[in-house]
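The structure appears below as structure tokens.
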Amino acid sequence: MDASIWSNELIELFIVIGNKRANDFWAGNLQKDEELHMDSPVEKRKTFITQKYKEGRFRKTLLASLTKEELNKALCAAVVKPDVLETMALLFSGADVMCATGDPVHSTPYLLAKKAGQSLQMEFLYHNKFSDFPQHDTHSEGGLGQEPSQSTFLCDFLYQAPAAASKLSSEKKLLEETNKKWCVLEGGFLSYYENDKSTAPNGTINISEVICLAVHKEDFYLNTGPIFTFEIYLPSERAFLFGAETSQAQRKWTEAIAKHFVPFVAENLTEADYDLIGQLYYKDCHTLDQWRKGWFSMDKSSLRFCLPMQEVQEDRMHLRRLQELTISTVVQNGEKIDILLLVEKGRTLYIHGHTKLDFTVWHTAIEKAAGTDGNALQDQQLSKNDVPIIVNSCIAFVTQYGLGCKYIYQKNGDPLHISELLESFKKDARSFKLRAGKHQLEDVTGILKNFLSDIDDALLTKELYPYWISALDTQDDKERIKKYGAFIRSLPGVNRATLAAVIEHLYRVQKCSEINHMNAHNLALVFSSCLFQTKGQTSEEVNVIEDLINNYVEIFEVKEDQVKQMDIENSFITKWKDTQVSQAGDLLIEVYVEKKEPDCSIIIRISPVMEAEELTNDILAIKNIIPVKGDIWATFEVIENEELERPLHYTENVLEQVLRWSSLAEPGSAYLVVKRFLTINTVRHYNERRALESIKEGVLKIKEEPSKILSGNKFQDRYIVLRDGYLFLYKDSKSSKYEKMFSLSSMKFYLGVKKKMKPPTSWGLTAYSEKHHWHICCDSLQTQTEWMASVFIAQHENDILPPAGKERKRSITKNPKIGGLPLIPIQHEKSANQARKILRVREQSWSGCGSVKSMTKSLGTAT
């Protein structure tokens, strides 16, 4: 026998209990017809064993009359005596092996047995430390058994090093200088002793006070070999580092510790292979009014959490898909606290720790998990549509500044610059921005080509290579396109989304081939080796990529209006080139403050990614306007000769909106204005009403264009209901069936009604859907305001303000102004006059969109 396992005490214990005595207990209530026979099948044997030992169905019922508390009390009395059989009967009848004894020093039955010198009792209790035996059913209330005990007993040698917050960085060095300690986890306390013979611990940790448990997956090497570490953090700013000799031992200890301090409602978090688990303070869209406590865990690149205010048991954020990850410091109750803001697909979450120490641990772990971690496509930082940010950034830059550039993608950039830019993206693609003037177009195209060529597997995957090539044998275009579609659907999700983005971009580029000379074939010659990751390139590979580009609309099932929108955008972007905006040029947009008057005009630089919030804050800063507390300012688009206006949501892309003006009958009359929109009290009022009523309803006068539902060409009364993100149109308030239902997400609502519609009142709204216009008249200004506010709040699901506590978004570039012009610093007055003169000339010659003007940076630096 292995002497390291079969100790004298264990052998003696087996002899004392014996198979017959143990079976007398476990089968003491077994009926003749329930016995297991020699020829019983495997499934029946399995069921019998489960019933006998796990469920305890056939146990003696001599102790069935005892309650759980009485069983525990009897167990504490039994372990100090030599009768192991009594202890076995009590434990197997449902007594808690880790029950409280009432003795602060000898807090468990094991310690009582140790104090009494009962070695066989200690041996029995030790080997049953993970056992969990149900009580007899006669004592369960309402037929429901009690929850299983959460008590655990563990003991083993671990490396151990206590550390204060100031010594956190040197813990591992301290660990190297520390000998193993005998560690015991029992009764919810983790005690560490000088050795296994010591009776007094060097220290004790109350596990119920733990706020964070960090598990290090990488092994750490000492002179004696690898160890696997974990850290325990307490509210007292103390941290303890432990090390086990195997990953299995590490997991055993961390699972037992987590079991003691993570509550039952969050137990799902403990089941994953987490790196970090603990409690944090949080705010989200449901609880912005106050901080609450929630349970969080880090699982690779996912942040999983259980929040008490949510109906769902568990939620998660995919950290590589974060749109924003920022840290800020605020003062709360006279104390500075660090707050981490996480935004993913419109969801906003604020978190902060109990102490600076545990916050640092979480912040570091989240920041690392949200970054690029490897060279595979799925390991990159991703946008909300699952496309790597580096790909989206390059595409956006080339679209804005390269569509009109001849032989785009055939020109090579500077290898050193490309390498440096790639490294910047890999370090943190989320915060790195490509800037016109600072970064050259050829370098950006080089980044995209190099990235696609160097990822771990080809975007089209090497596994599917023969299928892509063999598809060319299919002569029928429709059948070949079907095959391409099937291959694309079989790609991993990130590959599929990225391929769609890349092919869409190449399709856009080739639509401008008359200017840039890059048709589908030329683009395929460049990108076939990137997308297939082949050293050379064959005509078959080129033909496949050319096929994908030419048939982009059919393969990816792109809608007709999306293609039209692309044509509109291409037209505007290439027109800017016609007005001599160079690759390093900046687009300037004329924006008004409060009203359209010359003195209220500001021309401001925008980028392809500027959002309405950023534009609003820039305008207010330039005009030195400090909003009155409670006022909400917004950017409005004004169209149709100032008859219609609409507030832009703070996340709306400004440039995209301006581009759409080209489809208007009179695009030159459109402009942007920044002004007051609502107040916090108004929003709160509407939210309270929505909470009580859940709907907005009323009789309004409506006219549609073109006429489909409403007969005639006049405004007609209709009963309108706004509910659950939809607008329902009823003939009257008594109608049970609606005439039309609109999804708010598919419509744009403007304040005002065009005069040519001959509205019966001066107040109303205009709703635009894909191919339909609805003109809605109200009986008063108040009614108009109520409906517009209700629609706007419902469209954006109450997310109408930038998150509370978040630093106001401003342009990164801070530019001085010349009059109303924010330009690169101009050193001579002559340059300023020249800039104004050229701008006036361009205003007169601009026919496509009167409120959009362009000029290059060189205007601001000429002397």
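No value in this document is a laboratory result; all are computed from the given coordinates. Note that the structure is predicted; figures quoted are calculated from it, not measured. A quick note on method: Cβ atoms are made from the backbone with ideal geometry, for glycine too, and the neighbour counts reach across all protein chains shown.
Some points to look at:
- Once the convex hull of all Cα atoms in the stretch 376-467 is built, its volume per residue stands at 122 Å³.
- Calculated FRET value between D561 and K478, using beta carbons and R₀ = 25 Å, to 0.05: 0.65
- Euclidean distance of C-alpha centroids, the stretch 731-807 and the stretch 601-643, integer Å: 22
- The stretch 631-752: C-alpha gyration tensor shape, a/c 1.5 cut-off, then a/b vs b/c: oblate
- Under 5 Å from the amide H of I632 lie the amide H atoms of F677, L678, T679, I680, each residue being 5 or more positions distant or on a separate chain, with H modelled from the backbone and absent for Pro and chain starts.
- With each label modelled as a point 7 angstrom along the Cα→C-beta vector, the A116-A396 pair spans 7.2 nm.
- If R0 equals 22 Å, the separation of the Cβ atoms of E594 and N653 corresponds to a calculated FRET efficiency of about 0.40.
- Working from label points 7 Å from Cα in the Cα-to-Cβ sense, the E554 to K755 distance is 5.0 nm.
- The distance between label points at S790 and F432 comes to 5.0 nm (points 7 Å beyond Cα on the Cα→Cβ vector).
- Inverse mean reciprocal Cα-Cα distance (Kirkwood Rh) of the stretch 694-795, Å: 13.5
- Dividing the convex hull volume of the alpha-carbon atoms in the stretch 8-139 by its residue count gives 113 Å³ per residue.
- In order through the stretch 628-637: 3J(HN,Hα) via Karplus (6.51 cos²θ - 1.76 cosθ + 1.60), integer Hz, x for Gly, Pro: 4, 3, x, 7, 10, 9, 8, 8, 10, 9
- Here the stretch 401-446 is treated as a sphere whose radius is the Kirkwood value from Cα pairs; by Stokes-Einstein at 10 °C and 1.306 mPa s it diffuses with a coefficient of 142 µm²/s.
- Subtracting the Cα-Cα distance of H685 and R316 from 0.36 nm times their residue separation leaves 129.7 nm of extension gain.
- Gain on full stretching of the segment that runs from S40 to N641 - 0.36 nm per residue minus C-alpha separation: 207.4 nm
- Comparing Cα centroids, the stretch 341-356 and the stretch 211-251 end up 26 angstrom apart.
- Length-normalised contact order for the stretch 390-444 - Cα pairs under 8 Å, 6+ apart - percent: 59
- FRET efficiency estimate (nearest 0.05) - Cβ-Cβ, Y53 to K300, R0 35 angstrom: 0.40
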